[in-house]
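K.L.:
Sending over a structure as structure tokens; questions will come in a sec.
The values are calculated or read from the model by the stated rules, or taken from the named source; none is laboratory data. Here the structure is a predicted model, which means the values were calculated and not measured. In this analysis, Cβ positions are derived from the backbone assuming ideal geometry, glycine residues included, and neighbour counts consider all displayed protein chains. Only protein heavy atoms, including side chains, enter the accessible area calculation; ligands, DNA and RNA are left aside. Shrake-Rupley method; radii C 1.70, N 1.55, O 1.52, S 1.80 Å.
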Amino acid sequence: LETLRLKWTDMEPAQRDTYLEAALLNSARLSRQMNGLFELAQLEAREPGPTMEPFPLAELAQDVVMKFAPRARELGIGLTCRQEEGLPFVVGDLALVERVLNNLVSNALEHTGNGGRVEVVLATVEEGVRLAVCDDGRGISPEELPYVCERFYRGEGGAVRRGHGGLGLAICRRILELHRSSLQVESQPGEGSCFAFTLRVASSPHHES
């Protein structure tokens, strides 16, 4: 913006557009980062805590996949949801869990190339219902793996180029901590990544139809 102000009359229209586009992109990135910081700060100071209620995680996963389907088609990525039949309701804060799913699916799409696949998988486990978001993208190196959920950490791949603030996975981890759960990460370079968490089953007899 300083360059534009100083050299506006000497610049060709195309050059002005290039500088303006760069300023807009950087402003948008800063806005996302600030919003993420405020969200993370609110989560860390959250009192009295999440609003816990029974809800169908399988239904929520389907809704999130449908929401991201147009974006996946635009990127040339196959996005699917696979789940066991008759999954029980889980206990959690619906809005916060949806935030986790949004982050994980968006992150998977950003790190998967054209022609790749992203799959959301739900299954019952001893601790409750496990949800995993798996992709066949670039994967994460063993050196990066311990730090991917740290705030502001951005690996060497596409996230840096796409202007992410490095807060999405930190937000996911904090939300899951509030649910007495954790974010598990498995990945192999060149083979993709899998981010998973488990929520406990509701004590009520609700089941997904």
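K.L.:
Please list, ordered by first then second residue, the pairs with beta carbon atoms under 7 Å, 6 or more apart or interchain, first in region 69-87 and within 14 Å of Asn107 (Cα to Cα), second assigned to a strand (DSSP E or B) and open to solvent by 50 Å² or more (accessible area, probe 1.4 Å).
P.N.:
Cβ pairs passing all conditions: Ile77/Arg117.
K.L.:
Out of the residues in region 179-201 meeting the condition of being of a type in the set (A, V, I, L, M) and either closer than 17 Å to Pro50 by Cβ or open to solvent by 60 Å² or more (accessible area, probe 1.4 Å) (or both), tell me which one is farthest from the chain's Cα centre (by Cα). I'd like the intermediate steps shown before the answer.
P.N.:
So in region 179-201, the residues of a type in the set (A, V, I, L, M) come out as 183, 185, 196, 199, 201.
Subsequent filtering for residues that are either closer than 17 Å to Pro50 by Cβ or open to solvent by 60 Å² or more (accessible area, probe 1.4 Å) (or both) retains 183, 199, 201.
Values: Leu183: 12, Leu199: 17, Val201: 23 Å.
Residue satisfying both the conditions and the ranking: Val201.
K.L.:
Going by the structure shown, is Arg99 open to solvent by 50 Å² or more (accessible area, probe 1.4 Å), out of contact with any His (no Cβ under 9 Å at 6 or more places or on another chain), farther than 19 Å from Gly168 by Cβ and not polar (S, T, N, Q)? Give the derivation first.
P.N.:
Numbers: open to solvent by 50 Å² or more (accessible area, probe 1.4 Å): yes; out of contact with any His (no Cβ under 9 Å at 6 or more places or on another chain): yes; farther than 19 Å from Gly168 by Cβ: no; not polar (S, T, N, Q): yes.
Considered against the rule, which asks whether it is open to solvent by 50 Å² or more (accessible area, probe 1.4 Å), out of contact with any His (no Cβ under 9 Å at 6 or more places or on another chain), farther than 19 Å from Gly168 by Cβ and not polar (S, T, N, Q), Arg99 comes out as no.
K.L.:
If Leu24 meets every condition in (1) modelled with pLDDT of 70 or more; (2) of a type in the set (A, V, I, L, M); (3) under 18 Å from the mean Cα position of the chain (by Cα) apart from one, which number is that one?
P.N.:
(3)
K.L.:
One residue is enough: does region 47-63 have a residue meeting the conditions closer than 25 Å to Gln188 by Cα, among the small types (Gly, Ala, Ser), in a helix (DSSP H, G or I) and touching a residue at least 40 places away in the same chain (Cβ under 8 Å)? Before the answer, list the steps.
P.N.:
As a first pass, look at region 47-63 and keep what is closer than 25 Å to Gln188 by Cα: 61.
If we keep only those that are among the small types (Gly, Ala, Ser) too, we end up with 61.
Narrowing further to those that are in a helix (DSSP H, G or I): 61.
Now restrict to residues that are touching a residue at least 40 places away in the same chain (Cβ under 8 Å): 61.
Yes; the residues of region 47-63 include at least one that is closer than 25 Å to Gln188 by Cα, among the small types (Gly, Ala, Ser), in a helix (DSSP H, G or I) and touching a residue at least 40 places away in the same chain (Cβ under 8 Å).
K.L.:
Right, next: Could you list, in sequence order, the residues of region 32-73 that are modelled with pLDDT under 75 and either closer than 30 Å to Leu1 by Cβ or buried (at least 16 other Cβ atoms within 10 Å of the Cβ) (or both)?
P.N.:
So in region 32-73, the residues modelled with pLDDT under 75 come out as 32-49.
If the condition is that a residue be modelled with pLDDT under 75 and either closer than 30 Å to Leu1 by Cβ or buried (at least 16 other Cβ atoms within 10 Å of the Cβ) (or both), then Arg32, Gln33, Met34, Asn35, Gly36, Leu37, Phe38, Glu39, Leu40, Ala41, Leu43 are the ones that fit.
K.L.:
Does region 150-209 hold any residues that are part of a helix (DSSP H, G or I), modelled with pLDDT of 85 or more and either touching a Gly at 6+ places or on another chain (Cβ under 9 Å) or among the aliphatic types (A, V, I, L, M) (or both), and which are they?
P.N.:
Pass one, region 150-209, residues part of a helix (DSSP H, G or I): 158-161, 168-178.
Next, from what is left, pick out any that are modelled with pLDDT of 85 or more: 169-178.
If the condition is that a residue be part of a helix (DSSP H, G or I), modelled with pLDDT of 85 or more and either touching a Gly at 6+ places or on another chain (Cβ under 9 Å) or among the aliphatic types (A, V, I, L, M) (or both), then Leu169, Ala170, Ile171, Ile175, Leu176, Leu178 are the ones that fit.
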